[in-house]
Structures are given as C-alpha cells and as structure tokens.
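Worksheet: the structure to be examined is printed underneath.
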Amino acid sequence: MVDDTAWSPPRRRNGIGWIVASGLVLPVGWVAWLLVALAGYNGVDDSDRSLAAQTTGSIVVTLVVAGLPLAGLVVLLQQRRRDRSVTLVGPVACGVFVVLAAGSLGYPTARVAQSWAAEEHRRAQPLTATETSRTPDQAERDLAAVGERAVRALGADPGAGKTVHFPRGCTLSNLAEGTKYTWHWSVSPATEDTPRTDAEREADLLSADETDARVAPVREVFTGAGLREAEPYGWDLRALGDGWLAEASASVTRTSSDVSLETRCLAGGPGDD
C-alpha cells in the first residue's frame, strides 16, 4: 500500500522578498526625490551649486530605487534558469517596479540634469556688448546726464528738486552678478506732508493737453537716448529701450514733477573702477 502522505508538491518560489523590498523602496524614493528637490531650491543660494547638488542627489535616488528591483529581476531570472521552482511572478513584479521607478523618477531627474547643463552652457557665454558698454562710473554719469536733460525739458532746474541715485544687484545674461543704476528726480509742494483732500488732488492735475505739452520735450529727450514710448502705467510718459538705458518715466502736475531712469543690468558694480 502506498503512503500518499509522504508526497508533497514542489515548493514554488515567487521572490516575495524582492517584491516586497521593491514595493517599499519606491514610495520611499519618491519622498527622497522630493526632499532633494526642496533642498536644491531652498538650501543653496548659488543656482549652479543648487542644480548640481539636485542633479547628483536625484540620480542617486533614481539609481537606488530602480536598481533594487532591477537586481531582483536579474537574480530571480538567473535562479529560474537553474531551478524551475522559481516562478516568473518575482521577475515580472520586479520588472514592473523598474518601469515605475524609471518613469516616475527617471524623467524628472533627466529634466533637472538638462536644466543644469543649460545653465552651465549659459554661464560659459561671454557678456553682451550692451552689458559691457559702460563702466560703473560711466553708467552713473551718463544716466544723470540724460535725467538732467529730461528735467530741463520739463522746464525745471535739476538743482531745485530732490535727486536720488542708487545701484542695486542684478543678474547678467550669463548669470554673473551685475548692477542696475537708478536715477530719480522729483519736486513736490512744500505741503507734501500735509494730507490733501480729493478735491485738492484733483485740482492739482493738469488737463490732457497741458500734460502732453509739458512732457512733449521730455519725449524728445527719451527718444534721443534710444528709448521708445510705451504704456505709461501711472506715469504721464514712459519709455523703454533695448540698449544700456532700459526705462525712463516722467510725470507732472501743477505743483510737482518726477523723472526716473534705470539702466539695464551692466557688468561690474560700484567701486570696481
């Protein structure tokens, strides 16, 4: 008599360990990738260093997350060649996790790497002729000269008003640090600190014809400086340029006048000369 209890079906090996590990590492990788991206945005002021660190970190995370199931796929297939009790469940599942990791992490990682490469290419470019057309001293001097001509065109004396000129940092075309220069002149009534009623402010405004007549000579000054008229956006006259002078504006009332000019981002900074 045959003892049936002595026989048992062959044990099937599905690679559960690899499947579980691959399933766990994928969401962990998503979180890690986001943390690397956030650190890149917030942790480094220099965008070049930030993108470099973000690219490196993203590649490491992607390789780990996709590499684990890929290793499982290879190992399980090799085991199956030697032992047919190893099923295709494990290799197929690991293959799915490889595709998920490559799609969800590989693509954004490639985009970050492209941004880094594009920024490096941009940094390697020479400055434009406009950005190097004036030294800091020349920029401030030429800006003041245009501003003073515009003030005189308004029929005012530059020395009779308040003049403010200041530089501020900006980013050049190749991402190096540059400087913008602003020149502003204004004259206001002696009672400017005293609150005025709406009627008083309304009475201070010039008619459209009067305003146009006052700013017409200024328009010629701006045009001569290489600017073209643009939407005023609160000013009576506003002009934009493509050269070293980026923007100029003027505004007049019966008791006040304002002229403001700003350069494009230029190489160098105060004290470089």
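The values are calculated or read from the model by the stated rules, or taken from the named source; none is laboratory data. Because the structure is a prediction, the values reported are computed rather than measured. Cβ sites come from the backbone with ideal geometry, for glycine too, and all protein chains shown count toward neighbours. Areas reflect the complete protein model, heavy atoms only, side chains present, ligands, DNA and RNA absent. Shrake-Rupley method; radii C 1.70, N 1.55, O 1.52, S 1.80 Å.
What is the angle, in °, between the Cα long axis of helix 16-42 and the longest principal axis of the Cα atoms in the chain? Nearest 10 is fine, range 0 to 90. Taking Cα atoms only, the helix is inclined about 10 degrees. Computed over neighbours whose Cβ is under 15 Å from that of R264, the net charge equals -3, Lys and Arg +1, Asp and Glu -1. With contacts taken as Cα pairs under 8 Å and at least 6 residues apart, the chain reaches a relative contact order of 17 percent.
With everything on Cα atoms, drop me the angle between helix 136-153 and the longest principal axis of the chain, reported from 0 to 90° to the nearest 10. In the chain, helix 136-153 runs at an angle near 50 degrees to the longest axis. Hydrodynamic radius of the chain by the Kirkwood approach over all distinct alpha-carbon pairs: 24.8 Å. Give the angle, between 0 and 90 degrees and rounded to the nearest 10, that separates the Cα long axis of helix 89-101 from the longest principal axis of the Cα atoms of the chain. For 89-101 against the chain, the angle is about 10 degrees.
Of all DSSP bridge pairs formed entirely within the chain, close to 95 percent run antiparallel.
Sorting 157-168, 246-257 by average packing, meaning the other beta carbons within 10 Å per residue, from highest down gives 246-257, 157-168.
Express the carbon and sulfur contribution to the solvent-accessible surface of the range 84-162 as a percent, rounded to the nearest whole number, probe 1.4 angstrom. That share works out to 59 percent. Our helix-only sum for the chain, with -39,500 (n - 2.57) per DSSP H run of n ≥ 4 divided by its residues, gives a mean residue ellipticity at 222 nm of -17000 deg cm²/dmol.
On the accessible surface of the range 207-273, probed at 1.4 Å, how many percent belong to carbon and sulfur atoms? After summing per-atom areas, the C and S share lands at 47 percent.
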